[in-house]
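Everything below concerns the one structure shown next.
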Amino acid sequence: MAITAALTVLLTLIHVACGQLEDVIIDRYFIPTHCSREVQTGDYVRYQYNGTFEDGRKFDSSLDKGFPFVGQVGVESKVIPGLDKGVQGMCVNERRKITIPPHLAYGVLGAGLVIPPDATLVFDVLLLDLWNKEDKVQIRTLHKQQNCKRTVMPRDFVRYHYNGSLLVGNLFDSSHLRNSTYDTYVGQGSLIRGMEEGLLGMCVGERRLIIIPPFLAYDDKGYGTKVPPYATLVFDVLLVDVYNVKDDVNVEVQKIPQPCRRRAVVGDFIRYHYNGTFQDGTVFDSRSTANTSNLVYFTNLNFFKKNILTLQGVCVGEWRRVTVPPHLAYGENGSGELIPGSAVLIFDLHIIDFHNPKDQVDIKVIYKPADCNLTSAANDLIMYRYNCSLLDATHLYSSDDFPEPPRVTLGQGKLIAGLDEGLQGMCVLERREITVPPHLAHGTNGALGVPSSAVLLFELELLQLQKGVPEGFLFIWLQDSPEPLFPAMDMNQDLEVPLEEFSAFIKLQVAEGRGRLHPGIDSDVILRDMFKKQDRNADGKITEDELNIIVNEDDEVPKHEEL
């Protein structure tokens, strides 16, 4: 119910002539705890009301009409002066009982058949909304990351979560309830104007409260059934992601070990740990243990489309952060349930090791004795100490884990090829650090406790060395053997050589440095075996005929096998 401003003035003058006027009586029977703003003249308001007479009879209600009252306070008002006056100073969500005397309502004339003359009116009002045409988007920062390298700019693509509510607190929409971010371009007309403005300058991980007046939101049209016309909107926004279609892969080198002995080149195999996160820090994938390190071959470019750029030139032990925009990652479709569409991916890489199939064993001598006349070689029996680790210093195994250091004959396939090679040419007490590429270690299959394709680092010390004999031999001559041999072996010249005499002869050759027995096997066992091979008729003695063997009829020189 409303009357014109001219009629209101006329009624006021009539009552002024009759004496003292009553004022509006306001009962603020519910005041919200938080009130950031009160109604002033010139503001626009939206409120629900029930209008009754003093006896409680209802004459009007916005609830019955199905929509609240919307209008400007005190400026060309659509309502009676008392109601305009009664809502001033109200807060959103406040409830008031406003009692309006006749001269501030419909006066002596009343209003048709509904409002009788000189009627005092009572309005129960709930303020739903409040704004002014001078209002701007209000931005309140609730949380902001300390390290903010990039903010939202026009034409950026953003992903964000939000709760959207009216000023009274009613939730009308939420991305959280849908468990999906809202994804859109900024500054291209796909958002309401107030949201376009409110998102600018945000950092990933920042949370803002964005308050948008109706004329920068859905204005007089509203949106669906949940956003009424002339509604101020409040968005609680958390920015999850931002990128631009012009973005390229960004590589940030965070730590380079010193010294960096070698940098990776195209053709190298690289093992690295990584954590894959979105821009808000949510982890989507992680390979952070030695046994699950990724193996990447540069020329395959299987680290998205920028593999060479992201990993070429790395050092062992280096840390890099690689930021991959969606159009160079999984695009608008994402990947299954793991990677949402249009997601920027961040990989924190730690380079464990790399190698090239052409790599050889790298030997670094840490200590070498001044007196080094005898060095290890194939078929030698050695005793040595070792510690084995990955290039990132992850300990694998050590000779100190066992009661005694290992003994092994070199060159007979008892060790991985790279370790066997690294142990040759050493002096007793020499110390080395050797780097063994995987194709000379445990290869692509790895071993117990050793990841596949791992480069191994050994710390070695040679403790003992016994020179050996070629594989398949029990004894070798270090000098020319006596010729003829049998008379030299027949030490008592009785034309026969029993085991005792044979053993004494061979031991004499070894003692005087003219021959060498197989190391690592008991000498008596070797001598019995050698004697047995020469005693062809097994009568317990060797004769000259048994010692001299003609391999081929054309051979004129006797063959004595090892002897």
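A few remarks follow.
- Flag if V436 is surrounded by 18 or more Cβ atoms within 10 Å (Cβ to Cβ), touching a residue at least 40 places away in the same chain (Cβ under 8 Å) and either of a type in the set (F, W, Y) or under 30 Å from A393 (Cα atoms) (or both): yes
- Lone qualifier among D529, D522 - being of a type in the set (D, E), closer than 26 Å to M383 by Cβ and under 60 Å from the mean Cα position of the chain (by Cα): D522
- Hits in region 447-501 (condition: without any contact (Cβ under 8 Å) to a residue 12 or more places away in the chain and over 20 Å from R514 (Cα atoms)): A447, L448, N492, Q493, D494
- Among the residues of region 170-180, just one is open to solvent by less than 50 Å² (accessible area, probe 1.4 Å) and either modelled with pLDDT under 95 or among the aromatic types (F, W, Y) (or both), namely F172.
- Qualifying residue in region 346-364 (condition: open to solvent by less than 50 Å² (accessible area, probe 1.4 Å), without any contact (Cβ under 8 Å) to a residue 24 or more places away in the chain and over 19 Å from G443 (Cα atoms)): no
- For V45: the one exception among (1) farther than 23 Å from V114 by Cα; (2) at pLDDT 90 or above; (3) part of a helix (DSSP H, G or I): (3)
- Count - residues of region 417-426 that are surrounded by 18 or more Cβ atoms within 10 Å (Cβ to Cβ) and assigned to a loop (DSSP other than H, G, I, E, B): 1
- Comparison of D280, D236, D241, D247 shows that the only residue that is open to solvent by 50 Å² or more (accessible area, probe 1.4 Å) and either modelled with pLDDT of 95 or more or closer than 30 Å to L199 by Cα (or both) is D280.
- So D60, is it in the same structural domain as L126 (by the TED database), without any contact (Cβ under 8 Å) to a residue 24 or more places away in the chain and closer than 25 Å to A119 by Cβ: no
- The requirement of being open to solvent by 90 Å² or more (accessible area, probe 1.4 Å) and small (G, A, S) is not satisfied by A378.
- The residue that is farthest from H143 (Cα to Cα), among those in region 190-221 that are open to solvent by 70 Å² or more (accessible area, probe 1.4 Å) and within 34 Å of the chain's Cα centre (by Cα), is E197.
- The number of residues in region 58-109 being charged (D, E, K, R) and not in a helix (DSSP H, G or I) comes to 8.
- Looking across region 508-527, just one residue is touching a helix residue (DSSP H, G or I) at 6+ places or on another chain (Cβ under 7 Å) and modelled with pLDDT of 90 or more, and that is L527.
- Candidates L429, L457, L463 - the one that is part of a loop (DSSP other than H, G, I, E, B) and either open to solvent by 40 Å² or more (accessible area, probe 1.4 Å) or over 20 Å from G520 (Cβ atoms) (or both): L429
- Filtering region 171-219 to residues that are of a type in the set (K, R), outside any strand (DSSP E or B) and out of contact with any helix residue (DSSP H, G or I) (no Cβ under 9 Å at 6 or more places or on another chain) leaves only R178.
- Cβ-Cβ distances below 6 Å connect the following pairs, each with a first residue in region 237-255 that is closer than 12 Å to R320 by Cα, a second residue that is open to solvent by less than 60 Å² (accessible area, probe 1.4 Å) and outside any strand (DSSP E or B), and a separation of six or more residues or different chains: V251/T310.
- Residue within region 317-327 that is part of a loop (DSSP other than H, G, I, E, B), surrounded by fewer than 20 Cβ atoms within 10 Å (Cβ to Cβ) and at pLDDT 90 or above present: yes
- Hey, V525 of a type in the set (A, V, I, L, M) and surrounded by 15 or more Cβ atoms within 10 Å (Cβ to Cβ) or not: no
- Residue check for V186: open to solvent by less than 50 Å² (accessible area, probe 1.4 Å), closer than 19 Å to A343 by Cβ and more than 25 Å from the chain's Cα centre (by Cα): yes
- Among the conditions (1) exposed (fewer than 14 other Cβ atoms within 10 Å of the Cβ); (2) assigned by the TED database to the domain that holds S389; (3) out of contact with any helix residue (DSSP H, G or I) (no Cβ under 8 Å at 6 or more places or on another chain); (4) not hydrophobic (A, V, I, L, M, F, W, C), the only one that G443 does not satisfy is (1).
- Looking across region 317-348, the residues that are within 30 Å of T184 (Cα to Cα), within 14 Å of the chain's Cα centre (by Cα) and not β-branched (V, I, T) come down to R320, R321, L338, A343, L345, F347, D348.
- Filtered by the rule that a residue be of a type in the set (A, V, I, L, M, F, W, C) and buried (at least 17 other Cβ atoms within 10 Å of the Cβ), region 23-77 gives V24, I26, V39, V45, F69, V70, V73.
- Residue in region 467-476 that is in a loop (DSSP other than H, G, I, E, B) and among the aromatic types (F, W, Y) present: yes
- Qualifying residue in region 399-407 (condition: open to solvent by less than 20 Å² (accessible area, probe 1.4 Å) and not assigned by the TED database to the domain that holds I270): yes
- Checking each residue in region 222-233 for being at pLDDT 95 or above, open to solvent by 20 Å² or more (accessible area, probe 1.4 Å) and not aromatic (F, W, Y) picks out P228, P229.
- Single residue of D241, D247 found to be in a strand (DSSP E or B) and under 16 Å from D156 (Cα atoms): D241
- Yes/no for R271 being in the same structural domain as R321 (by the TED database), at pLDDT below 90 and open to solvent by less than 50 Å² (accessible area, probe 1.4 Å): yes
The values are calculated or read from the model by the stated rules, or taken from the named source; none is laboratory data. Note that the structure is predicted; figures quoted are calculated from it, not measured. Note that we place each Cβ from the backbone using ideal geometry, even for glycine, and neighbour counts take in every protein chain shown. Calculation scope for accessible area: heavy atoms of the full protein, side chains included, ligands and nucleic acids excluded. Shrake-Rupley method; radii C 1.70, N 1.55, O 1.52, S 1.80 Å.
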